[in-house]
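Notes follow once the structure below has been shown.
The values are calculated or read from the model by the stated rules, or taken from the named source; none is laboratory data. Bear in mind the structure is a predicted one, so any value in this text is a computation, not a measurement. Cβ placement follows ideal geometry from the backbone for every residue including glycine, while neighbour counts extend to all protein chains displayed.
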There are 2 protein chains.
Amino acid sequence: MKITRDAIGRLADAGDPRFKRVMTSLIGHLHAFVEDVDLTEEEWMTAIQFLTDTGKSCTGRRQEFILLSDTLGVSMLVVMLAQARASRGGLKGATEATVQGPFFWEGAPEKPLGADISNGVEGEPALYRGRITDAKGRPIAGALIDVWSVDGGGLYDMQTGEEMRARARFRSAADGAYSFWSIRPKHYPVPTDGPVGRMLRAMGRHAYRPAHVHFMVKAKGHAPLVTHVFDSKSKYLDSDAVFGVRDSLIADFRKHKAGKAPDGRVMAKPYYTVAFDIRLA
Amino acid sequence: MKITRDAIGRLADAGDPRFKRVMTSLIGHLHAFVEDVDLTEEEWMTAIQFLTDTGKSCTGRRQEFILLSDTLGVSMLVVMLAQARASRGGLKGATEATVQGPFFWEGAPEKPLGADISNGVEGEPALYRGRITDAKGRPIAGALIDVWSVDGGGLYDMQTGEEMRARARFRSAADGAYSFWSIRPKHYPVPTDGPVGRMLRAMGRHAYRPAHVHFMVKAKGHAPLVTHVFDSKSKYLDSDAVFGVRDSLIADFRKHKAGKAPDGRVMAKPYYTVAFDIRLA
């Protein structure tokens, strides 16, 4: 329509060519959406009120617009586009990336490889092991590995207190290996007491994420990677509320009887082992 | 992309078919925009922060998301679609509608036709006259007419104090006629001290609306109409910050020397007359 051309035309004097390009596309798609559904004035006002509520719901501890982006699949799309772009730029062969989520804790203290990071949280013990390599499988020594997850009840330490639990930072060994003890995480819901929760209910959707452990891995000369390992037995693998599941990131939690674990630790109760190798581009 | 189909597919159990249709289109267009511009993670975070700031800027007296919608041409598009829909439904022939804006004051007291509503505001006097008719030109008696405008300095009464000025409500006469004295309004900027102001500056755009007087007209048996009359000599007619100008709504402010005005009032200084007829569908 003419008004769409007019609105785009008004960008003629935009200083930054990239901003101009982004806003041109945004205005075109926004108008096309409104026209496509023949949006009514009442629906428009509902949208205005929803966006306002979403902004008002954001606090230092909560980012409802990121949650909106997550639950509409936009955050994951942006992650996938970034990895595809890096790949086209020659950074190929990396483990698939997924969303970072809001629970990363900058500056976790470094722990020795093999440490138990559960710090007393509820949950069945699990030994996580793997290797950090480059795209060709060559080991990367000294890679910085941040890991974090919910506890066995589905809560992050940030949601339950001030102490770090089921969260730590490691450096990969000379052969690229890493290992640590934590718990087997549980599926959990994204926050549903705000505008996004109302939207999910209107959509007839559940709010759950399948069980996973977050990894952020950085090494000199390689592209940083933010990803998860998902529990192959978890509920909601086929319907992650934030669309973060990639088949290549699903791993088995192998159950073992009490006794001597592969790293020599003697376990008084049953435990799991998880193998998850990570390739950096 | 698959993630777009996944996100849309997650609406399978939405209860309200219209909500499902709107969200299907929204997700499709939103993903297409992100993919089209290959949105980076940094740009995505800028957008999240912008939307959050926009929500935080909304108060009881300010609606920054409506301003965002206005300045992207979305509000006017919604107005045009509503009028086109009404027209397809048989409500044809009305005066063109435009945006209501945030300065309507519900429940202004009714004044007698011919009254001076300027209430002492700065500005050159102007006599507004016209007829309220149906689409075939037949007079509508007793139509409820709300009018409001900025003063001659470009400010609404709501921005300067608690008293109604350059704002009133009338009833059309038996022959559909209305008339009142007010001032000749000035062009003025939308608020620029918030996120939308930053966006307009990045776009290289000015923030001005051309001079206009708002009309809201309601009559039994007719579709209500929200519109403006624009001053044909105003700056910014070709670049209204909110895309509200329609050619059919532009009228001449005819200047007259001091003396007896057409309604018999004796004016001690020069004044203007404005003719603006309004058709209701």
Q) Out of all the residues in the range A:252-259, is one or more in a loop (DSSP other than H, G, I, E, B) and either under 17 Å from the mean Cα position of the chain (by Cα) or aromatic (F, W, Y) (or both)? A) yes
Q: Hey, can you tell me all the residues within the range B:117-168 that are in a loop (DSSP other than H, G, I, E, B), among the basic types (K, R) and closer than 24 Å to B:E96 by Cα?
A: B:K136, B:R138
Q) Residues of the range B:36-64 being in contact with a helix residue (DSSP H, G or I) (Cβ under 7 Å, 6 or more places away or on another chain), buried (at least 17 other Cβ atoms within 10 Å of the Cβ) and more than 30 Å from B:D157 (Cβ to Cβ), which ones? A) B:V37, B:L39, B:W44, B:I48, B:L51, B:T52
Q: Please find, among B:A202, B:A211, the residue that is within 25 Å of A:A12 (Cα to Cα), at pLDDT 95 or above and crowded, with 18+ Cβ neighbours inside 10 Å.
A: B:A211
Q: Restricting attention to the range A:217-226, report how many residues are surrounded by 18 or more Cβ atoms within 10 Å (Cβ to Cβ) and within 14 Å of chain B (Cβ to nearest Cβ).
A: 3
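For (1) at pLDDT below 90; (2) of a type in the set (D, E, K, R); (3) farther than 24 Å from A:T273 by Cβ, each residue gets a yes or a no:
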{"position": "A:S87", "(1), (2), (3)": "no, no, yes"}
{"position": "A:Q100", "(1), (2), (3)": "no, no, yes"}
{"position": "A:F103", "(1), (2), (3)": "yes, no, yes"}
{"position": "A:K111", "(1), (2), (3)": "no, yes, no"}
{"position": "A:S118", "(1), (2), (3)": "no, no, no"}
{"position": "A:E122", "(1), (2), (3)": "no, yes, no"}
{"position": "A:Y128", "(1), (2), (3)": "no, no, no"}
{"position": "A:I132", "(1), (2), (3)": "no, no, no"}
{"position": "A:A141", "(1), (2), (3)": "no, no, no"}
Q. Are there any pairs, at least 6 apart or on different chains, whose C-beta atoms fall under 7 Å, with the first in the range A:20-33 and at the interface with another protein chain (Cβ under 7 Å from one of its Cβ atoms) and the second in a helix (DSSP H, G or I) and charged (D, E, K, R), and if so, which?
A. A:V22/B:E43; A:S25/B:D36
Q. Taking the range A:234-281, which residues are touching a strand residue (DSSP E or B) at 6+ places or on another chain (Cβ under 6 Å), basic (K, R) and under 30 Å from A:S87 (Cα atoms)?
A. A:R279
Q: From B:D70, B:D38, grab the single residue that is under 20 Å from B:F230 (Cβ atoms), among the charged types (D, E, K, R) and within 11 Å of chain A (Cβ to nearest Cβ).
A: B:D70
Q | Of all residues making up the range A:12-34, the number that are part of a helix (DSSP H, G or I) and either buried (at least 18 other Cβ atoms within 10 Å of the Cβ) or in contact with a strand residue (DSSP E or B) (Cβ under 6 Å, 6 or more places away or on another chain) (or both) | A | 12
